[in-house]
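Worksheet: one structure, shown below.
The values are calculated or read from the model by the stated rules, or taken from the named source; none is laboratory data. None of the values given here were measured: they were computed from a predicted structure. Heads up, the Cβs are rebuilt from the backbone with ideal geometry, glycines too, and the neighbour counts pull from every protein chain shown. Quick note on the areas: whole protein, heavy atoms, side chains included, nothing else; ligands and nucleic acids left out. Shrake-Rupley method; radii C 1.70, N 1.55, O 1.52, S 1.80 Å.
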Amino acid sequence: MKKMMMMALMAAVSMSVAAQEDVVKGAKKLLDKGNVAEAIQAVQPALTNGSNEEKAAAWNVLTQAQYKIFSDIQGKKLENQVKQTNEPVDEAAMNAAIVAAMKAALKCDEFDNMPNEKGKVKPKFRAENQKTFQNGRLQCINAGQFLYNKKDYAAAFEAFSLYVDSKESPLFTGIDMSQDQYLHEVAYFASLAAYQAKDFPNVIKYAKIAAEDPAKAKDATEILVFSKKETMKTKQDTIEYIDMLKDASQKFPDDKRYSAWIGDYYLQSGSAEDLGKWADGEIAKDPNNKFAYTYKGEALRLQNKFDEAVECYKKAFEIDPTYVAAAYQAGVSLNSKAIELKDKLADKKTGMLTTENANKVKAILTDAKGYLEKVRELDPNHEQVNWVYALYQMYYSLGDQAKAAELEKMLNQ
């Protein structure tokens, strides 16, 4: 009985193997006849069943089918270029197919290089697929660009990361992959697509690869900083974020944004003392750092030291006469100074000012008006700062009724 059961089991296995082979052969015949979609459908059961050899054969059929979709559409595109025609082509299908073909080729190679039933490794498909996908791998870049432009960021990431990761694939054994001129650029775009898709672990992974190339280090660092800022949750995350900004500021001293972002953090934290100390350190390193002067001004303003704050804003604006934020802060701080002085000089009983004291306040307001008018000139559509109400206050306080009325109309829009 036991012998009969073993024989039945062996017969069932043989029938399963035969059936598996028939599935692959049937799918291959469909592909050879040009029935690509049917071949892809027919081969599906064999991708996950059978021996390593059978799985490799099944994945190879899928590889060939997807690559045929890609090459047929690509051929039509080239024909359009040669004949200068504009026959419609399905670029979305073409790009999806090259990604699917590349993935299938890698899977085929995985099974193709596993031991067969006799424990031996006898790859059948590597040579052909290696030749095809040296170029096919490059086409994944084009697919990634197409998908990124379509804002399909997850699919774009898949295409870009496939290019990067496949560099280490055994499929390309024997080929010198060390001189890959596109690797770091594509890794950067993989991180950018991952960022857009909110896939932050992969942002970090691929940005770090991109940063290995000095030419991409700056761009990669920027996206790492953005990613860290968006994912901060704990106090330790905040510390790491500030450390990243400080490190980036040292590595790329010409990019003053990192200084600005550090200043933003200290400003939002509400610590005027910490903000002032940091700004002083930045000014010591670079006396022409407009951001550092602005943030030092902010630290002083928070302490109601308006005279000193205004001098810092003026210095920042002197460094960069197009720096709207500095001019605006100079204007509003001068206004605050004028209000403080008016309260100090006003008669305690009547609240009135002598002519002499009124002129002192007016002089400060006139200075404030000058800065705010410069802001209006630089930022006419108040896109950078909302200067309208502040300038309206200046005109109103100085008794310029015509200009105040003009701005009042803008306030009511």
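Would you tally the net charge around I239, using a Cβ to Cβ cut-off of less than 15 Å, leaving I239 out, and scoring K and R as +1, D and E as -1? Before the final figure, lay out the partial values.
Working: positive: K228, K229, K233, K235, K246; negative: D237, E240, D243, D247, D274.
With Lys, Arg at +1 and Asp, Glu at -1, the neighbours total 0.
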Suppose accessible area is computed on protein heavy atoms with a 1.4 Å probe; arrange K233, K28, K369, K150 from highest to lowest. K233, K150, K28, K369
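Mind ordering 309-321, 399-411 by average Cβ neighbours within 10 Å, highest first?
On the way: 309-321: 20.7, 399-411: 12.5.
Put in order of decreasing packing, that is 309-321, 399-411.
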Once the in-chain neighbours fewer than 8 apart are removed, the aspartates and glutamates whose Cα is under 20 Å from K360 read D307, E308, E311, E340, D343, D347, D400
Quick check for me: using +1 on Lys/Arg Cβ and -1 on Asp/Glu Cβ, what's the dipole size of the chain about its Cα centre, in debye to the nearest 20? 860
Over 10 Å intervals from 0, what percent of Cα-Cα pairs in region 134-284 sits in each interval? 11, 33, 28, 18, 8, 2, 0
Classify region 231-300 from the C-alpha gyration tensor, please: rounded if a/c falls under 1.5, else prolate or oblate depending on whether a/b exceeds b/c. oblate
Would you mind putting 358-365, 339-346 in packing order, based on average other-beta-carbon counts within 10 Å, highest first? 358-365, 339-346
Which entries of K218/K315; K55/K118; K198/K233; K28/K76 have Cα-Cα distances beyond 18 Å here? K218/K315; K28/K76
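Please give the per residue accessible area of region 173-253, computed with a probe of 1.4 Å over protein heavy atoms only, in Å². The partial results should precede the final answer.
On the way: 4520 Å² over 81 residues.
Counting only protein heavy atoms, the per-residue value for region 173-253 is 56 Å².
List the pairs from K150/K229; K342/K362; K120/K167; K362/K403; K285/K374 whose alpha-carbon separation is above 20 Å, in the order I gave them.
Numbers: K150/K229 26 Å; K342/K362 10 Å; K120/K167 26 Å; K362/K403 17 Å; K285/K374 29 Å.
Check vs 20 Å cut-off fails for K150/K229; K120/K167; K285/K374.
Tell me, in nm to one decimal, what length is gained between T355 and Y182 on full extension, where the rule is 0.36 nm per residue of separation less the Cα-Cα distance? Can you show the working numbers first?
On the way: separation 173, 0.36 × 173 = 62.28 nm, distance 7.29 nm.
Additional length available on full extension: 55.0 nm.
Just to be sure I follow: if Rg is taken over the C-alpha atoms of the chain and Rh is the Kirkwood radius over the same atoms, what is Rg/Rh? Walk me through the numbers on the way to the answer.
Values: Rg = 34.1 Å, Rh = 27.5 Å.
Rg/Rh for the chain comes to 1.24.
Using the beta-carbon distance between D165 and D274 and R0 = 41 Å, what value does 1/(1 + (r/R0)^6) give for FRET efficiency, to the nearest 0.05? Don't skip to the end; give the middle numbers.
Working: r = 43 Å, r/R0 = 1.05.
About 0.45, to the nearest 0.05.
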Expressed as an acute angle from 0 to 90° and rounded to the nearest 10, what is the orientation of the C-alpha long axis of helix 272-285 relative to the principal long axis of the chain? 80
Env charge @ L47, Cβ radius under 9 Å, K,R +1 / D,E -1, value +2
Compute the angle between helix 235-251 and the longest alpha-carbon principal axis of the chain, please, reported from 0 to 90 degrees and rounded to the nearest 10. 80
Rounded if a/c under 1.5, otherwise prolate or oblate - region 189-263, Cα gyration tensor axes: oblate
Cα-based Rg (one decimal) and Dmax (whole number) for region 334-373, in Å? 10.5, 35
